[in-house]
Structures are given as structure tokens and as C-alpha cells.
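Input: a single structure, listed below in C-alpha cells.
The values are calculated or read from the model by the stated rules, or taken from the named source; none is laboratory data. None of these values were measured; they are calculated from a predicted model. In this analysis, Cβ positions are derived from the backbone assuming ideal geometry, glycine residues included, and neighbour counts consider all displayed protein chains.
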Amino acid sequence: MENAIALHIKLRKRFRLAGLSTRLVFFAVISMMVSSCQKDVTVTPTNTKYLVSFKKTNNYSSSFIKLMLTSMNKVYPGTDTLLTNVKYGIDVYTITYNTHFKGNPKIASGLVCIPSSTNSFPILSFQNGTNTFKQNAPTVNPADPLYTLMEMMSSHGYVVAIADYLGFGSSADMMHPYYDKVSTTDAVSDMILAVHELLDDKSVDAESDGKHYLMGYSQGGWATLAELQRAEADYPTQIRVSATSCGAGAYDITAMSDYVLAQEIYPGPLYLPYFIYSKITAGDITQPLSAFFKEPFASNIPGLFNGNYTNAEVDDHLTDTISSLVTDSLRLALNTDTDFTSLRQAMVVNSVHAFNTTSLLRFYHGTSDLNVPPVQSAIIYNEFLAKGLGTSQLTLIPIPGATHDSGLIPWGISSIMWFDSLKE
């Protein structure tokens with residue numbers, strides 16, 4: 001079993017007991033890091049198809065990164081295992097790039113971290129999880145601990161790409177198309193292609209070695225698997241994926257929704273409102289919110305998902321009692337009532353099922369995850385086995401005792417260690 005997973009079991013209690021003072025010290029270090037950053041002017045390149053602009057916003061030495069990982073270990077035990085492979089200082093950029101939503105051009109944004117070196121490196125694309133707060137987009141809040149950890153992984157010898165997703169960053173004027181497969185993979189693929197163009201710019205020393213790694217957790221796990229499928233179908237030469245790590249994703253949205261509606265109490269009530277409301281605003285679902293949710297929630301949902309509230313704040317303004325949140329007809333007849341035809345279609349279209357792939361592929365899931373049940377990973381794993389993938393290419397790794405939240409860091413550490421081993 002993975003070293004990071006074993007470490008998680010041993011230190012889970014310590015993780016829960018991390019004190020407020022330790023957290024405050026950690027975030028003070030983060031603040032110092034951000035305030036001391038080196039900022040350059042925005043560059044608008046010419047003769048690029050995807051890349052619109054880029055700006056260097058920070059640079060960290062390898063010794064500083066080691067200090068940061070040591071500090072993070074006090075809050076997120078296990079991150080010190082990543083110290084060994086820190087080899088490079090890094091440069092951090094924000095970029096804007098061309099993409100599309102329903103055929104209409106959009107300018108999207110993302111965070112890119114590049115080793116301070118003239119060597120060639122693989123691109124590691126990280127897809128983040130569910131976020132309702134526009135101020136917590138990667139380019140807006142790069143000091144978020146998870147984003148910071150991913151930034152620092154560039155020091156292991158990766159060009160790290162983190163897309164904001166549509167609805168955040170430079171496209172914050174639109175509703176985020178939550179669990180929308182086409183627009184998500186458009187945004188991620190176009191981001192990766194824009195990163196290729198950034199690496200071709202004469203002001204950037206590092207180069208691409210042509211290899212790609214994908215990783216993501218929760219919504220990001222789903223997005224990562226969807227991106228692997230899209231890359232192999234539409235960009236087989238431009239985005240050649242060597243290895244993919246998917247953590248705790250809701251891959252089958254129909255099965256996920258059935259699970260939520262069958263619960264008396266569900267700990268993440270924002271999931272269904274976020275999905276349904278985003279599909280209503282995009283024109284994919286034709287019924288009003290009142291067809292799906294009881295009052296006062298039906299009337300409050302547009303305000304809750306305006307981008308000004310965090311996940312926790314949205315959950316607090318909903319209810320975890322499913323029978324009080326959704327209409328009786330949705331709870332009892334989602335799969336049969338003709339009023340829900342467009343919702344069922346949206347769930348089917350945006351689910352990700354097994355496909356033929358040449359990438360190494362891992363699925364991780366916490367065994368105590370009540371937000372996204374572990375059966376989601378078990379089902380997709382078995383689908384890939386049925387497609388003919390062998391266990392030398394495909395792996396399912398349970399994270400013993402981990403919830404949806406506490407499984408995040410062990411998954412991330414294990415994924416990076418795996419990618420590192422493949423590069424050696």
C-alpha cells in the first residue's frame with residue numbers, strides 16, 4: 001500500500017487535532033510569501049492561437065519551498081515526505097487564454113508554475129474541486145494552501161497548470177458550468193495548449209518534454225477523467241497523457257444523484273442545487289428551480305450561487321435534510337417523471353464512463369466518504385476492467401478511514417509520489 005496512505009492512517013488523529021496557533025503561524029508564513037512576490041508586467045504575445053496574455057507573479061527558491069513544506073507539515077501531516085524531490089526553484093505565472101462555451105468565445109484564466117531551469121519538463125494539469133466562491137479561484141487566491149502545495153510541486157520538475165474553470169478568474173462574469181463535461185474539458189485542454197505556447201515564448205527558459213500528467217480530486221477527479229478521455233480523442237499528439245490520478249470523483253452523475261436523494265441527511269447539500277441551477281442558467285434544463293426545490297430554498301438559490309459565498313456558507317444556508325430541501329416529486333420520481341427529462345439528460349450527458357486509454361490510471365477514494373460514496377470509484381474501476389485494462393495499468397486505492405475532506409491531502413501526496421517514481 002502507498003506510503004502516503006499508511007502515513008495518513010497513522011497521523012489522522014494528529015491531523016484533526018492541529019491547533020489554531022499552528023494554523024495561524026502557517027497562514028502568516030503564506031502571507032509573507034505572497035507579499036514578497038516579484039511581479040512583472042503583463043505580456044501579450046503575438047502569433048499564438050490559445051495564449052492571450054501572461055504575467056509572472058512570483059518566484060520561489062528551492063530552499064524556500066523546503067521551508068514551506070516543513071511548515072505545511074504541521075497542519076497537513078505527510079507533506080514533509082515531498083521534501084526529498086525538491087530540486088528546482090519555480091516561477092509562477094497567471095495566464096489568460098482562448099476557449100469556448102456553447103460555441104461562443106471566452107477568455108479563461110489559470111495559474112502556471114514553471115521550474116527555474118533550461119531543462120525540459122512534463123506538464124502536470126491539476127483540476128481543483130467544487131468551489132462556489134469566486135475569490136477563491138486559483139489566479140485570485142494563489143495563497144490558498146491547496147493551490148500553494150500544487151505550485152510547489154513544480155519544484156519536483158513539472159510545469160504545473162491549474163485552470164480557474166469558466167465562471168472564475170477572467171470569466172467571473174458568468175455562472176460556473178458545474179459538472180459540465182464539454183466546457184470543462186474545453187477549458188482544461190485549451191489551458192494545456194496555452195501552456196505549450198507559453199513555454200515556447202523566448203522569455204521562458206524551460207521547455208516541454210511532450211509528456212503530460214493529470215490529477216484532480218472531487219469535482220476535479222471527475223474533470224480529470226473527462227479530460228483524459230477528451231485529450232486522447234481530440235488531442236492525441238498535442239496532449240499525450242502518461243499517467244492520471246482521480247480522487248473521489250462523482251463520475252456517474254445519475255447514480256450520484258440517486259444516492260443523494262435516498263439519504264435522510266446528506267452532508268453536502270450544495271451539490272444538487274449547484275448542478276441544477278448551473279444547468280438552468282445555461283439553458284440545459286427547462287424547468288424553474290421550484291420544480292426541484294422547496295421554499296425558501298428555491299427562491300434563495302440564485303443568491304447563494306452568485307459567487308460571493310464559500311462552500312461552507314452555501315451549505316449553511318441550505319439544509320442537510322433532503323426531504324426538506326427537494327420537492328417530493330424529485331425525491332421520489334427523478335428517474336420516471338417526464339418533468340425531469342431535461343435533468344436526466346443533463347446527468348447522462350455529463351457523466352464519465354470507461355473508455356479505451358493508454359494512460360496509467362489510478363482511482364483513490366476514502367472509505368468513510370459520505371459526500372461522494374466510494375462505490376463511485378469502484379464502479380468506474382470495474383468498468384475499465386471490463387474494457388480490458390489490466391491491473392498493471394489500472395489501480396483502485398482505498399484511503400482507509402478517510403472522509404471526503406480528510407482524503408484530499410493523502411491522495412495528493414500519494415499521486416505526486418507516484419508521478420515522481422514514473423519520471424525516475
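Restricting S290, S359, S299 to residues that are within 29 Å of L166 (Cα to Cα), loosely packed, with under 15 Cβ neighbours inside 10 Å and either in contact with a helix residue (DSSP H, G or I) (Cβ under 6 Å, 6 or more places away or on another chain) or in contact (Cβ under 8 Å) with a residue 60 or more places away in the chain (or both) narrows the list to S290. For segment 214-250, a tally of residues being in contact with a Cys (Cβ under 9 Å, 6 or more places away or on another chain), of a type in the set (S, T, Y) and not in a helix (DSSP H, G or I) returns 1. Considering only residues in segment 57-78 that are of a type in the set (G, A, S) and outside any helix (DSSP H, G or I), the one that is surrounded by the fewest Cβ atoms within 10 Å (Cβ to Cβ) turns out to be S61. Considering (1) in contact with a Pro (Cβ under 9 Å, 6 or more places away or on another chain); (2) among the aliphatic types (A, V, I, L, M); (3) assigned to a helix (DSSP H, G or I), the lone condition that I379 does not fulfil carries the number (1). Return the total of residues in segment 106-140 being in a loop (DSSP other than H, G, I, E, B) and out of contact with any helix residue (DSSP H, G or I) (no Cβ under 6 Å at 6 or more places or on another chain). Final tally of qualifying residues: 7. A residue that is buried (at least 22 other Cβ atoms within 10 Å of the Cβ), without any contact (Cβ under 8 Å) to a residue 60 or more places away in the chain, touching a helix residue (DSSP H, G or I) at 6+ places or on another chain (Cβ under 9 Å) and in the same structural domain as K56 (by TED's automatic domain parsing) occurs nowhere in segment 172-181.
Against the list (1) surrounded by fewer than 18 Cβ atoms within 10 Å (Cβ to Cβ); (2) outside the structural domain of M72 (by TED's automatic domain parsing); (3) within 25 Å of G268 (Cα to Cα), the condition T338 fails is (3).
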